[in-house]
Each structure stands twice: as C-alpha cells, then as structure tokens.
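Trainee: Input: one structure, supplied below.
Bear in mind that the values in this text are calculations on the coordinates, not laboratory data. Predicted model, so just to flag it, every value in this text is computed and none were measured. Virtual Cβ from ideal backbone geometry, glycine too; neighbours counted across all protein chains shown.
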Amino acid sequence: MKVLVQDQDFDIAAEINELCGGRTDIGAIVTFTGLVRDFHGDNKIRQMTLEHFPGMAEKQLEAICKTASERWPLQGGTVIHRYGPLDPGNQIVLVITLSAHREAAFEAAEFIMDWLKTDAPFWKKEQTAEGTHWVEAKTEDDQRKDRWKI
Amino acid sequence: MKVLVQDQDFDIAAEINELCGGRTDIGAIVTFTGLVRDFHGDNKIRQMTLEHFPGMAEKQLEAICKTASERWPLQGGTVIHRYGPLDPGNQIVLVITLSAHREAAFEAAEFIMDWLKTDAPFWKKEQTAEGTHWVEAKTEDDQRKDRWKI
Amino acid sequence: MEIFYFARIREDIGHSSETVNLPENISIVNGLIEYLCERGENYQTAFKNDAAIRVAVNQTYVNFDHPVQDGDEVAFFPPMTGG
Amino acid sequence: MEIFYFARIREDIGHSSETVNLPENISIVNGLIEYLCERGENYQTAFKNDAAIRVAVNQTYVNFDHPVQDGDEVAFFPPMTGG
C-alpha cells in the first residue's frame, strides 16, 4: 500500500485511477475521506492546523497498512494524511482499499481509520473565535480501535 | 439521497463534488464502488450483463436509502446502479455517504450495499468461455443483510 | 393483469411480459403460478423450484400466499444478484 | 540524546527539540522526565499529567519504564488526534 504524508491536497479520482487503472481483478473499492468541519461541538472552527512527527508518521501509517494487509485479502490501497494549516471543507485524510470482495475492503478501510486516529502521530489544533486549542483525544476512539483486537 | 439507475458509466469525483462542493459541515465521506471482476471462482468472465426491473429498482434503492437515513445521521449520499452489458474492470455500483462522523458514514454505506445486494431487483448474467449463466444468489449475502436487523 | 418476468424466469418462459385475464377462482400468488403452469412446459420449468422464485405485486415484495386481483402488476424473478 | 516535543508539550516547553547529555544514573523514560522537570516550570507544566503524555524511543511507542540510553531519539507528545 502507498503511504503519503504531505501538506498539499490530494485528488481522490487520481488516486483511485493510479491504483485501479487498467486492472480487471478488483471487485470493490472503498474510500474514506476525512474533512475539516466548520463546527466542533459548539465551537465554530476558523482554521485547523495539523502537526505531525515527520518520519514516525509515515512509519506508523505503513505499520497500520501492513497489519491491515495481513488481516484482509487486499489488492492494494493508499493512505494520504495531510499536515499544516487547513480550512473548513479541506480534505485531511484519504484511505483507499481494494479487494475482490466488499467485506474486506470495508473492514480494512475502517480498521485503518480507527488505528490511524489513535496510533499515527498527528495532532489537531483548532482556531475558533475564542482562540486556539489542541483537540482532546477521545476515549471513544480508543474503544473503536480496541474492537479490532483478536 | 440521490438514486440513479442508468446504463452509462458514473464519475466518482463528479458525484462527490456534487454532494460536497462548497460545504464545510461534512466530516466524513465514504464511497463504495463495485466493479466487474475478470474471474468469478474458476470462471474467466468475458462480459457481464445486468438486467433490472425498471421502476422497482429505483423504488427499492430509494427505500434502502430512506432506511439508512433514518438509522444514521447522514448529511447526504448517492446511490448509482448500472444495468446493461459491462466488461471486466467496468464500474457497476456506487454508494456515497456523508456524515459529520466516520462511524455513521462507514456503517450506512455498508448497510446500503448489504441491502442492495439482496433487495434491489438486479440480476447478473456472466459470459464465460463455457457460455453464459445467471449468477446464483449467495446465502452469505442474506446473512450479511440480516446482521443489520434490530 | 399485467405479468412481468425477469432474468432466468424470463428466459425459461420465453417472453418478458404478458397480459392475463385472471380467472375468478384465483385469489393468491400461488394460485396464479399454478394457473400459469397449465400454459406449458416453459412455465413449469420457470416455476419448478419455489426457493428460486421471488414475486412482487405492484412493485412490492410479497409471499406466495399474498392476494392477487385483476389490475395488479405482478412480477416473477429469481433472487437478486445486483451490487 | 536527541529529544523532540510535539503539539501541546512542545508549546508548554517552548521549543521543539534539544540535545541532552543523559546522566549516568538515568536508565528509563520516567527518570528522564524527572530529570527534565528539574530544568524549570515549563517542563513541569508539560509533564504534569502522565495520562496526557505519550513517548516514543527511536520512533517506537514505549511505556514510561522503557530503558533509555545515550544515542536514543526520544519524543514526547500528547495522545494523537489525527485522521
């Protein structure tokens, strides 16, 4: 699977095409795109900044993809995570999974997102009318990750 | 949610853009694309023809989308199902779900696919080197649908 | 009554639709199937295996004991395999 | 030893990295944190709440009782919130 950590935007269609173009062995493509929302609870978000740990971010995303590839019969995939300043409506993260069957593609994409949330070294800072603050990690995210434990 | 039953191909990026363009309230986009595979078990597929029940196909897809919208907090979505002759590698079906949170988008997309498989009036006929045959419905698909029962 | 056939059932029967004047003694789907099977071997082949038949009356899925009446649109087809 | 700080911890401390000569009596992450906290209030604030700290040694997540030695690359940061 391809892993990219980048400040620039990504193009879902181009990424799908790079994975699937000319191939006839794929039965299912699942994509997940995470976007910056204009509201977080009651706070109106003006901008969001994503900080990351260069090197380790890529390493962790690759490890998560490897685990997913060992667990599900995937035919390929892509994970792109952006960093830097982002506006509401901007794309943050893209996960694409390919498989002969839909269950594997769905489950692997969800698994990658759940693990990525708690295990990839990225941190969100939100800028609101009341100032800036670091987003708190959610217990819920740990629980979602834990359901994949064997 | 938008429902289309059509013989022509669809463009995932255009469909996402139609749903999300200019919006800043969406947190998660999940897409599922089903493709014609070149192999089904041991049979090499030359072509596939999708027959459908015009009118009822749209009606059933709309009913499935309505159920999904009542069950998950969706911010929009699209379902496109093609009919007619298709070649390996061609797109068959597209499901897009939008939500503030990823769980809802993932679950709703998977729910729509599981229900669509058993409840939308489409039938696949495969053309192989040995001739043509109707694809058999899978018990597994009924089981996947049943897991959504309350 | 308008009857539609799809996929394998359409091929077994040899046509995709037909208009039937429903006899008065037929009131449920099962009765309609028995009546159609009197029309020839092609119908008997199409309706041989109950487990391989789905039916919709006025575009709603129903069971074989569902009422039918003149003016209904009835459709017979195999289990669905879309997606 | 190279130490990196990210996000809230980086802001509390006031810089994103530093080189530390590890004293001989320090052998685990916890000891390193105590040692850093002697450097000032900014470190004490950064490391106040164990539950809000994650640590990686040579880009692998470890617990607070994990060994550290000179030459290691150590990173401190809050629980992750990407995705």
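Trainee: Please identify the GluC sites (Glu not before Pro) of segment C:1-64 that satisfy two criteria: DSSP loop assignment and at most 14 other Cβ atoms within 10 Å. Which are they?
Mentor: C:GLU24, C:GLU38
Trainee: Taking neighbour counts of Cβ atoms within 10 Å as a proxy for exposure, in what order, fewest first, do B:PHE53, B:PHE10 appear?
Mentor: Ranked by crowding around the Cβ, least crowded first: B:PHE10, B:PHE53.
Trainee: Ratio to report: Rg/Rh of the protein assembly as shown, with Cα atoms as the point set and Rh obtained by the Kirkwood method; give two decimals.
Mentor: Across the protein assembly as shown, the Cα-based Rg/Rh ratio is 1.11.
Trainee: Still on this structure, please answer the following. Enumerate the amide H contacts of D:GLU73 below 5 Å, restricted to partners 5 or more residues apart or on another chain; note that Pro and chain-start residues carry no placed amide H.
Mentor: Sorted by chain and number, the residues that satisfy this are D:ASN58.
Trainee: Just for chain C, what percent of DSSP beta bridges are antiparallel, to the closest 5?
Mentor: Close to 75 percent.
Trainee: Here's another thing I want to ask about it. Return the calculated 222 nm mean residue ellipticity for the protein assembly as shown, to the nearest 500 deg cm²/dmol, obtained by summing -39500 (n - 2.57) across DSSP H runs with n ≥ 4 and dividing by the residue count.
Mentor: Helix-only estimate at 222 nm: -9500 deg cm²/dmol.
Trainee: Spin-label point model (7 Å from Cα, Cβ direction): what's the C:ASP65 to A:ARG23 distance in nm?
Mentor: With each label placed 7 Å out from Cα toward Cβ, I get 5.0 nm.
Trainee: Of all the Cα-Cα pairs you can form in segment A:4-150, what percent are over 25 Å apart?
Mentor: That tail contains 31 percent of the Cα-Cα pairs.
Trainee: Any idea what the relative contact order of chain C is, in percent, if you count C-alpha pairs under 8 Å spaced at least 6 apart?
Mentor: Computed value for chain C: 42 percent relative contact order.
Trainee: Next question, about the same structure. Give me D for segment C:22-61 in µm² s⁻¹, whole number, from Stokes-Einstein with Rh from the Kirkwood sum over alpha-carbon pairs, 4 °C and 1.567 mPa s.
Mentor: In µm²/s, the coefficient rounds to 118.
Trainee: Copy-to-copy spacing for D:ASP72, label 7 Å out on the Cα-to-C-beta vector, in nm, shortest first?
Mentor: Nearest to farthest, the other copies are at 7.6 nm.
Trainee: To the nearest Å, what is the center-to-center distance of segment B:33-104 and segment A:6-70, using C-alpha atoms only?
Mentor: 23
Trainee: Starting from a label point 7 Å past Cα on the Cβ side, list the distances from D:ASN21 to the same position in the other copies, nm, shortest first.
Mentor: So the label point of D:ASN21 gives 11.0 nm to the other copies.
Trainee: Let me ask you something else. For A:LYS66, place a label point 7 Å out from Cα along the Cα→Cβ vector, do the same in each other copy, and report the separations in nm, one decimal, smallest first.
Mentor: Nearest to farthest, the other copies are at 5.0 nm.
Trainee: Using a/c under 1.5 as the rounded threshold, could you call segment D:1-71 rounded, prolate or oblate? The axes a ≥ b ≥ c are square roots of the C-alpha gyration tensor eigenvalues, and prolate needs a/b larger than b/c, oblate otherwise.
Mentor: Rounded, because the longest to shortest axis ratio a/c is under 1.5.
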